[in-house]
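Novice: If you scroll down you'll find the structure; I have some questions about it.
The values are calculated or read from the model by the stated rules, or taken from the named source; none is laboratory data. Model, not experiment: these values are computed from the prediction. Heads up, the Cβs are rebuilt from the backbone with ideal geometry, glycines too, and the neighbour counts pull from every protein chain shown.
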Amino acid sequence: MPELIIPALILGGFALISSTGLLIASKKFYVYEDPRIEEVNELLPGANCGGCGFAGCSAYAENAVNTMSLDTICPVADSETMEAIGKALGLEVKVGEKQVASLMCKGTTQNCKPVMDYRGIQDCWAMMLVGDSNKACSFTCLGLGSCVLACNFDAMRIEDGIVVIDDEKCVGCGNCIPACPKDLLHLRPVSKIVTVSCFNTDKGADARKACAVACIGCMKCEKVCESDAIHVTNFLAKIDYEKCTLCNKCVEACPTNAIEIRGIEAHE
């Protein structure tokens, strides 16, 4: 019998020492987490898109609580959600206008003729390993949908060789921007529906040969703009959305229709 008691006592002693050590370690290395972090995380949409610049919603919530700042707005959250988060933290929230992705290209298969029959992996970056472009214009949308795959909100699709963006579904997370090897996507305020749908910086004659609707740098848009909101630099027009009043004079003056009205309002 003693031969059973001694091992039992030894094992019991080890168990007691181990449990005591774990208790001490848990107390010493305990990391306090502010309960407001979980509260903010539950209020967030849970998209984990990274559009805010943080690695998911939990990281965004942790930063908001630890810094007590909502200077960075969740691009997916609506104004009501951000106001609820601000109320939970006792902070004032300044929600700006919704941003949406916009494509600087109108190079459909009709406007910009295909010059290569690419049959490889349906990915824009993969195609770039074969050739600079599958169409006559080297600045065109390749239309293989790398940006579509990067969009977590079903806001993008391919039609007639280029990307089409649904402003209602787009949340402005910006994930599509680095997905484009041609750097053709940018964010614009959703209300600013006048856009320059071209990224070609070749001289006018060369740009027009490559695409029927290319910006040719003629400066007619710049001359008619009374708010100084559009300028031509390096043979390409660019709009300053802070100055643009949506007068549409540049749209009417553009001889190639490179400047157009896009977005929800354009189809109403």
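Novice: Out of CYS170, CYS221, CYS180, CYS215, which single residue is surrounded by 21 or more Cβ atoms within 10 Å (Cβ to Cβ), farther than 26 Å from CYS247 by Cβ and not assigned by TED's automatic domain parsing to the domain that holds THR72?
Specialist: So the residue among CYS170, CYS221, CYS180, CYS215 that is surrounded by 21 or more Cβ atoms within 10 Å (Cβ to Cβ), farther than 26 Å from CYS247 by Cβ and not assigned by TED's automatic domain parsing to the domain that holds THR72 is CYS180.
Novice: Considering every residue within the stretch 114-131, establish whether at least one is touching a Pro at 6+ places or on another chain (Cβ under 7 Å) and over 28 Å from ILE259 (Cβ atoms). Give the derivation first.
Specialist: First, pick out the residues of the stretch 114-131 that are touching a Pro at 6+ places or on another chain (Cβ under 7 Å): 124-125, 128.
Filter again for over 28 Å from ILE259 (Cβ atoms), leaving 125.
Looking through the stretch 114-131, at least one residue is touching a Pro at 6+ places or on another chain (Cβ under 7 Å) and over 28 Å from ILE259 (Cβ atoms).
Novice: Are any residues in the stretch 83-104 more than 30 Å from VAL194 (Cβ to Cβ), outside any helix (DSSP H, G or I) and not aliphatic (A, V, I, L, M), and if so, which ones?
Specialist: Listed by number, the residues that qualify are GLY90, GLU92.
Novice: Looking at the stretch 180-230 only, could you name the residues that are under 18 Å from the mean Cα position of the chain (by Cα) and without any contact (Cβ under 8 Å) to a residue 40 or more places away in the chain?
Specialist: If the condition is that a residue be under 18 Å from the mean Cα position of the chain (by Cα) and without any contact (Cβ under 8 Å) to a residue 40 or more places away in the chain, then ASP183 is the only one that fits.
Novice: Could I ask something else about it? Just to check your reading of the model, which residue among LEU187, LEU149 is surrounded by fewer than 21 Cβ atoms within 10 Å (Cβ to Cβ) and within 10 Å of ALA101 (Cβ to Cβ)?
Specialist: LEU187
Novice: Return a yes/no flag: does the stretch 5-23 have any residue that is part of a helix (DSSP H, G or I), over 30 Å from ARG157 (Cα atoms), at pLDDT below 90 and under 28 Å from the mean Cα position of the chain (by Cα). So that I can check it myself, show each step before the final result.
Specialist: First, the residues of the stretch 5-23 that are part of a helix (DSSP H, G or I): 5-23.
Retained after the next criterion (residues that are over 30 Å from ARG157 (Cα atoms)): 5-23.
Add one more test, that the residue is at pLDDT below 90, and what stays is 5-23.
Next, from what is left, pick out any that are under 28 Å from the mean Cα position of the chain (by Cα): none.
Among the residues of the stretch 5-23, not one is part of a helix (DSSP H, G or I), over 30 Å from ARG157 (Cα atoms), at pLDDT below 90 and under 28 Å from the mean Cα position of the chain (by Cα), which makes the answer no.
Novice: Here is a follow-up. So if I check each of LEU187, LEU246, which one is out of contact with any Lys or Arg (no Cβ under 6 Å at 6 or more places or on another chain) and under 26 Å from THR72 (Cβ atoms)? Don't jump to the end; show me each part of the working.
Specialist: On the way: LEU246 fails: under 26 Å from THR72 (Cβ atoms).
Going through LEU187, LEU246 in turn, just one is out of contact with any Lys or Arg (no Cβ under 6 Å at 6 or more places or on another chain) and under 26 Å from THR72 (Cβ atoms): LEU187.
Novice: Next up: Looking only at the stretch 65-82, how many residues end up being assigned to a loop (DSSP other than H, G, I, E, B) and among the polar types (S, T, N, Q)?
Specialist: Of the residues in that region, 2 qualify.
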